[in-house]
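One structure below.
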Amino acid sequence: MSEINKTGYNDTSNTEQWALNNSVDREFNVLAVEELVYNPVTGTMDRMVQPGATIPTSGTNPSLVLSYDGSGNLTGIAKTIGTTTYTKTLTYVASVLTGVSSWS
């Protein structure tokens with residue numbers, strides 16, 4: 001059982017507030033907390049990501065296919081998981097990598 005301290009709150013609630021107060025990114029002046037979600041498939045807490053920003057990694061072993069342009073630059077990555085293929089496109093200007101798309 002936690003003890004009531006001089007602020008009138010128990011140590012458990014102070015710990016959460018203390019963590020929030022001390023989780024500030026000083027460079028950007030924002031709270032630096034990490035969102036977590038429960039994954040019912042694995043029974044674990046996983047990082048929350050933007051919808052569509054991740055691809056499934058379980059199930060059939062994934063395979064990768066790399067694509068190159070005439071100059072030998074890597075221009076595409078295709079990842080197949082099961083029957084679904086996800087692609088990532090790399091773009092270049094004067095043989096310098098200038099962009100990488102999200103998986104689509």
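The values are calculated or read from the model by the stated rules, or taken from the named source; none is laboratory data. The model shown is predicted, which means the values in this text are computed figures rather than measured ones. Ideal geometry is used to build each Cβ from the backbone, glycine not excepted, and the neighbour counts take in all protein chains shown.
Conditions tested, residue by residue: (1) among the hydroxyl-bearing types (S, T, Y); (2) touching a helix residue (DSSP H, G or I) at 6+ places or on another chain (Cβ under 9 Å); (3) modelled with pLDDT of 70 or more.
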residue	(1), (2), (3)
T7	yes, yes, no
R26	no, no, yes
A32	no, no, yes
Y68	yes, no, yes
T75	yes, no, yes
T91	yes, no, yes
Task: Matching residues, segment 34-66, being assigned to a loop (DSSP other than H, G, I, E, B) and at pLDDT 70 or above - done: E34, E35, P40, V41, T42, G43, M48
TODO: Please state which of the following conditions D11 fails to meet, knowing it meets all the rest: (1) modelled with pLDDT of 80 or more; (2) surrounded by 10 or more Cβ atoms within 10 Å (Cβ to Cβ).
DONE: (1)
